[in-house]
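Bear in mind these aren't lab numbers, they're just calculated from the coordinates by the rules spelled out. Values in this document were obtained by computation on a predicted structure and should not be read as measured data. We place every Cβ from the backbone using ideal geometry, glycine too, and count neighbours over all the protein chains shown.
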Amino acid sequence: MKNKPKAFTEDIPEGLIRIFLNVESITCQVENDAPDFVNPLEDKPHVKIIPQTDLSHLTNVFERTYPVTLDKRKSKDDLLAWQMEEQGVWFDIDMNHVKEVWLSEFDFYLESEKPRYLSYYIREVEHKVQWLQRGQEKGEITSLSEFKKQFKPSAVTGKYKFSGIEVIKCADMLGRAIRKIDMRTETALVKFNTAKGRLEPLIIGMAEKLGYQIEVLDKDTIRREEERGNSVSHMISLK
């Protein structure tokens, strides 16, 4: 039987409530520049979680990185799935600050122990925010409420470096996608060649600057469109 995360076993200080960012699985594509002597299955990467809302006045848990282990059961083909040792991060705060955390979205970055050779591009993160509290009857810490989050790839930041050719390529793809937008629905389903996710932040960032929003399509939608003969990966829409 799997042990409970420490978030459910360590005491909650009097007068505070516990927030648990439960990260069930991180699925990513990997780019291996040295396949002859570097095996991503033997890698020991770390994940960095960055709240989109500044929570530094509430906790310091987002200042560090956390080790992850390979989930062989969920990994398949060119997609690798990883799990955090404690299934996420947790911290105790005053109830007045719950809304700040509850409404925040979170960005995730996975870095290899061999970053010169291995790069990870996150495709999906199964995560939710849970409000934990000790029950009065049994005295056990349980989840009082939870809010499932939807992962969205991060827009481009200074963390990424792109060549001029890549910028031109993304601008061309974005231009063609914009021309496909149906003005009645203000959306279009399109296909982006993101180089295994590497170019996705650049495309999203460029679109935002132009007043458009890019969303990754879920697997069911992609499958339905494939059955109709359409190859799609994203939805573009007017903001």
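Arg198 to Leu41: extension gain in nm, 0.36 nm per residue of separation minus the Cα-Cα distance?
Extra length from Arg198 to Leu41 when fully extended: 54.5 nm.
To the nearest 0.05, what FRET efficiency results for Arg228 and Leu16 with a Förster distance of 41 Å applied to their C-beta separation?
The calculated FRET efficiency here is 0.20.
Given Ala207, Ser104, Gln52, which one lies farthest toward the positive end of the charge dipole of the chain, if we put +1 on the Cβ of every Lys and Arg and -1 on the Cβ of every Asp and Glu?
Ala207
To the nearest 0.05, what FRET efficiency results for Ile178 and Lys6 with a Förster distance of 35 Å applied to their C-beta separation?
0.15
Which value in nm describes the separation of the simple spin-label points at Asp33 and Met235, placed 7 Å from the Cα toward the beta carbon?
3.6
With only Lys, Arg, Asp and Glu charged, each at its Cβ (+1 for the first two, -1 for the last two), find how big the charge dipole of the chain is about the Cα centre; round to the nearest 20 debye.
Using Cβ point charges on Lys, Arg, Asp and Glu, the chain gives about 680 debye.
Given the Cα atoms of the stretch 164-238, and with Rh set as the inverse mean 1/r over their pairs in the Kirkwood sense, what is Rg to Rh to two decimals?
Using only Cα positions, Rg/Rh for the stretch 164-238 is 0.96.
Just one of [x] 36; [y] 24; [z] 54 is percent of Cα pairs over 30 Å apart calculated from these coordinates, so which is it?
[x]
If I fit a long axis through the Cα atoms of helix 164-179 and take the longest principal axis of the Cα atoms of the chain, what angle between them do I get, 0 to 90°, rounded to 10?
Approximately 80 degrees, to the nearest ten.
Quickly estimate the mean residue ellipticity at 222 nm for the chain, helices only: each DSSP H run with n ≥ 4 gives -39500 (n - 2.57), and the total goes over all residues, rounded to 500.
Only helices count here, giving -5000 deg cm²/dmol.
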